[in-house]
Amino acid sequence: MNMSKLKNKVAIITGANSGIGLATAKLFLKEGAKVVLSGRRQEALDEVAKELEGDFITIRADISIPEDNKRLIKEATNHYGNIDILFLNAGIAKPIPTTEINENHFDETFNTNVKGPILAVKEALPFINDGGTILFTNSIVHQKGFEGLAVYSASKGALRAYARVLTSEVKSRGIRVNSIAPGPIETPLYGKMDLPQDVVEEMGKGFAAQVPLGRFGTSEEVANAALFLASDEASYINGIELEVDGGLSQV
Ligand SMILES: NC(=O)c1ccc[n+]([C@@H]2O[C@H](COP(=O)([O-])OP(=O)(O)OC[C@H]3O[C@@H](n4cnc5c(N)ncnc54)[C@H](OP(=O)(O)O)[C@@H]3O)[C@@H](O)[C@H]2O)c1
């Protein structure tokens, strides 16, 4: 098997200490990339650093804070030089009924899922190599209408709209912009929803029952899609959103 699909490529991954981001960081390292793992908690980054092998650094940065995005790109490029792959994956998903939506919930969700990636791209663009690639972790939620996920779904819909414009704006540089839309994936995300464990479990069962493949996906299954889209194997794939959802959005 060819284990160097990303040989010497420089990749920045946000939300890399957990779930999809961590699985992708591991896979990218295995494929020869130099990886900047970013997350908002240094202790979580230190913890995962112990289990990683390859050429990587960790940089603490809160994606929702503009200054942090600036510093992330500065420190990453100071260390590795220009960027080949920018994987904006960090995100939060806290369910809340529409009648209880409040400004804090809205701001936290949009600052993390929309403002953060948009400003990170702005900071990174001067340092992304021509022919490089930008990847977003989106979600199938904006194609459906899952109860309780109004603000989260709106944030991912906004990110999708943004990605389309970005695809057009970077075309002269040959930079490909793609998104991944996971369905329900088994990650620590569900433990961060501020909901009781039994409610989360019920919600999980509900999602799994709707998926044609009848189960949650794994972070590794999403990481495989990220590798494909980031690699030269996807050289003519641009502007898409690839569902990795066991068929949930298609039925
Ligand atoms: N799991 C699913 O079913 C699913 C489905 C569709 C889409 N997604 C999307 O997949 C992406 C990754 O989520 P996941 O499922 O892998 O969940 P996860 O394990 O919770 O990973 C999310 C990562 O983002 C980080 N993060 C959150 N807020 C941040 C901030 N302000 N600044 C920097 N990092 C921040 C988290 O840090 P902490 O560890 O500190 O929280 C964590 O590292 C998200 O964009 C999510 O919307 C997930």
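Here are some notes:
- Protection proxy ranking for 11-21, 237-247, 31-41, using the average of other Cβ atoms within 10 Å per residue and placing the highest first: 11-21, 31-41, 237-247.
- Share of carbon and sulfur in the accessible heavy-atom surface of the chain [1.4 Å probe, %]: 51
- The slack in the chain from ALA158 to GLN42, taken as 0.36 nm per residue of separation less the alpha-carbon distance, amounts to 38.9 nm.
- Eligible lysines near LYS192 by straight Cα distance, threshold 26 Å, same-chain separation 8 or greater: LYS26, LYS50, LYS94, LYS115, LYS144, LYS156, LYS205
- Probing with 1.4 Å while keeping every protein chain in the model, the per residue accessible area of region 53-189 equals 44 Å².
- Residue with peak Gaussian network fluctuation, the chain [Cα springs, cutoff 10 Å], from GLN143, GLN197, GLN42: GLN197
- Computed P(r) (all Cα pairs; the chain; 10 Å bins; percent): 8, 33, 39, 18, 3, 0
- Partners for LYS171 among aspartates and glutamates (Cα-Cα distance below 16 Å; same-chain residues under 8 apart left out): ASP84, ASP130
- With N the number of residues in region 118-162, Rg(Cα) / (2.2 N^0.38 Å) evaluates to 1.45.
- Look at the dipole of the chain built from charges on Cβ: of THR99, ALA23, PHE207, the Cα furthest out on the positive end belongs to ALA23.
- Net charge dipole, the chain: roughly 760 debye, given to the nearest 20, about the Cα centre with Cβ charges of +1 for Lys and Arg and -1 for Asp and Glu.
- Summing Cβ point charges (Lys, Arg +1; Asp, Glu -1) relative to the Cα centre of region 37-184 gives a dipole of roughly 580 debye.
- Beta bridges assigned by DSSP with both partners in region 1-157 are antiparallel in approximately 0 percent of cases.
- Here region 105-161 is assigned +1 on the Cβ of each Lys and Arg and -1 on the Cβ of each Asp and Glu. Its dipole about the Cα centre then comes out at about 140 debye.
- Among 123-130, 49-56, 22-29, 226-233, sorting by the average number of other beta carbon atoms lying within 10 angstrom of each residue, highest first, gives 22-29, 226-233, 123-130, 49-56.
- Each part reduced to its alpha carbon centroid, region 203-246 and region 57-134 end up 21 Å apart.
- Positive-pole candidate from ALA124, VAL170, LEU86, dipole of the chain, charges at beta carbon: VAL170
The values are calculated or read from the model by the stated rules, or taken from the named source; none is laboratory data. All values derive from a computational prediction rather than experimental measurement. We place every Cβ from the backbone using ideal geometry, glycine too, and count neighbours over all the protein chains shown. All accessible areas refer to the heavy atoms of the entire protein, side chains included, with ligands and DNA or RNA removed. Shrake-Rupley method; radii C 1.70, N 1.55, O 1.52, S 1.80 Å.
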